[in-house]
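Novice: Could you have a look at this structure, given as structure tokens, before my questions?
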Amino acid sequence: DPSQSMTFSVFIIMAASFGIASYCWFDSKDKIGIRNDIEKIEDEFSVALFQLGNQISSGKPIETSMDGAAENLTGMKIATMFNDASGNIKRFGFTFDQALFDKKVGAVWKYPSKLVRSIMKVVSDSSKKGMKAASSTMMTISRYLKGMHDVKGDVRESLGETTSSMSFLATFLAPMISGLTVTMAIIILQILTKLGEQISTIVVDQGGAGMSGMQFGFMFGAGMNGGALPLGPVEFQMIVGIYMLETVIILAAFMNKIEYGDDAIGLRQGIARTLMIGVIVYVISWYFTGMIFGDPISRLLTPTL
């Protein structure tokens with residue numbers, strides 16, 4: 001049954017898309033929260049460094065300065081790092097460098113961010129020259145991070161229209177057009193098949209050469225399953241469905257690259273979300289377009305031809 005074969009082929013595309021989306025979703029669902037926390041900490045880091053540098057410049061001890069900075073940063077995730085480092089100094093008598101980078105209890109190891117660790121290493125090295133040098137270093141880095149954050153915001157704003165267009169294309173437009181294309185192609189194949197059958201019959205009834213009938217049958221096909229059409233509806237749907245999946249995945253990768261750069265976790269999360277929505281739109285478009293156009297045309301073809 002051609003309709004059953006088509007439905008089965010659509011289920012294959014759905015299974016492939018849901019399989020890829022499920023893998024990406026379950027692989028990233030726990031990691032994405034950590035990624036978001038790290039990104040939030042990096043966004044807060046310029047303010048945190050300014051607060052700590054300001055506290056140190058007033059002549060307070062380093063642990064007292066970190067306590068004061070953490071108090072001013074209440075509600076921010078970065079405040080926990082200053083509290084942990086201050087606690088290490090008070091409990092174990094560590095230096096500022098040890099409080100941050102001790103292999104067992106170092107405060108920075110709780111924050112898997114290359115930016116945080118690199119900057120705190122620079123600050124720690126500068127503190128060996130004196131607290132005044134550390135304070136100056138913190139203020140300089142804070143201004144640099146603030147400028148970098150402003151540039152990042154401007155870039156995202158300028159590319160917002162592009163990413164929005166790509167998101168609309170991946171989640172709605174490309175799947176919808178793919179579903180419409182499949183339905184229209186099936187209808188055209190049905191028309192050509194019926195037309196080929198009737199022309200072949202007319203040629204034979206009028207006493208034409210057998211080769212002519214075979215030629216017409218080859219051109220238009222002799223049936224949905226047994227005809228000579230080089231590409232049937234099922235094969236065409238599979239090709240378009242796979243093309244749709246590839247398009248959605250590529251667009252999701254581009255959007256993630258624009259917004260977050262080389263971020264494997266965000267890439268998987270984006271693919272899962274975009275692919276789930278895209279395949280649902282594809283199936284709905286294919287089904288309702290077939291209901292609207294396919295059945296009336298089939299009823300017209302049956303009595304006429």
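The values are calculated or read from the model by the stated rules, or taken from the named source; none is laboratory data. Nothing here was measured: the structure is a model prediction, and the numbers come from that model. Note: ideal-geometry Cβ built from the backbone for every residue, glycine included; neighbour counts use all protein chains shown. Note: accessible area is taken over every heavy atom of the protein model, side chains too, but ligands, DNA and RNA are not part of it. Shrake-Rupley method; radii C 1.70, N 1.55, O 1.52, S 1.80 Å.
Novice: Across segment 262-305, which residue is modelled with the lowest pLDDT among those that are surrounded by 13 or more Cβ atoms within 10 Å (Cβ to Cβ) and charged (D, E, K, R)?
Specialist: Selected residue: Asp263.
Novice: Would you tally the residues in segment 12-43 being open to solvent by 20 Å² or more (accessible area, probe 1.4 Å) and either in contact with a helix residue (DSSP H, G or I) (Cβ under 9 Å, 6 or more places away or on another chain) or touching a residue at least 12 places away in the same chain (Cβ under 8 Å) (or both)?
Specialist: Adding up the residues that qualify gives 21.
Novice: Right, another one. Identify, from the list Met138, Met166, the residue that is modelled with pLDDT of 90 or more, crowded, with 17+ Cβ neighbours inside 10 Å and among the hydrophobic types (A, V, I, L, M, F, W, C).
Specialist: Met166
Novice: If you don't mind, another one. Kindly establish whether Ser113 is touching a helix residue (DSSP H, G or I) at 6+ places or on another chain (Cβ under 7 Å) and either over 25 Å from Gly33 (Cβ atoms) or of a type outside the set (Val, Ile, Thr) (or both).
Specialist: Yes, satisfied.
Novice: Out of everything in segment 142-166 that is in a helix (DSSP H, G or I) and in contact with a helix residue (DSSP H, G or I) (Cβ under 6 Å, 6 or more places away or on another chain), what residue ends up being nearest to Ser3 (Cα to Cα)?
Specialist: By that ranking, first place goes to Met166.
Novice: Search segment 45-99 for residues being under 18 Å from Ala134 (Cβ atoms), open to solvent by 50 Å² or more (accessible area, probe 1.4 Å) and modelled with pLDDT under 85, and hand back the single one that is nearest to the chain's Cα centre (by Cα).
Specialist: Ranking the qualifying residues of segment 45-99, first place goes to Glu63.
Novice: Is it the case, given these coordinates, that Lys103 is in a loop (DSSP other than H, G, I, E, B) and either open to solvent by less than 50 Å² (accessible area, probe 1.4 Å) or modelled with pLDDT of 85 or more (or both)?
Specialist: yes
Novice: Still on this structure: For segment 166-173, state whether one or more residues are farther than 30 Å from Gly53 by Cβ and among the hydroxyl-bearing types (Ser, Thr, Tyr).
Specialist: Yes, some residue in segment 166-173 is farther than 30 Å from Gly53 by Cβ and among the hydroxyl-bearing types (Ser, Thr, Tyr).
Novice: What's the total number of residues in segment 243-261 that are part of a helix (DSSP H, G or I) and open to solvent by less than 80 Å² (accessible area, probe 1.4 Å)?
Specialist: 12
Novice: Return the only residue of Met139, Met120 being aliphatic (A, V, I, L, M), part of a helix (DSSP H, G or I) and under 21 Å from Ile38 (Cα atoms).
Specialist: The conditions single out Met120.
Novice: I need every pair where a residue in segment 268-285 that is under 16 Å from Phe8 (Cα atoms) has its Cβ under 6 Å from the Cβ of a residue that is buried (at least 20 other Cβ atoms within 10 Å of the Cβ) and not polar (S, T, N, Q), sequence separation at least 6 or different chains.
Specialist: Close Cβ pairs satisfying both conditions: Tyr282/Pro175; Tyr282/Gly179; Tyr282/Met244.
Novice: While we're looking at this one, here's another question. Looking at Val203, is it assigned to a helix (DSSP H, G or I), at pLDDT below 70, of a type in the set (A, V, I, L, M, F, W, C) and open to solvent by less than 50 Å² (accessible area, probe 1.4 Å)?
Specialist: yes
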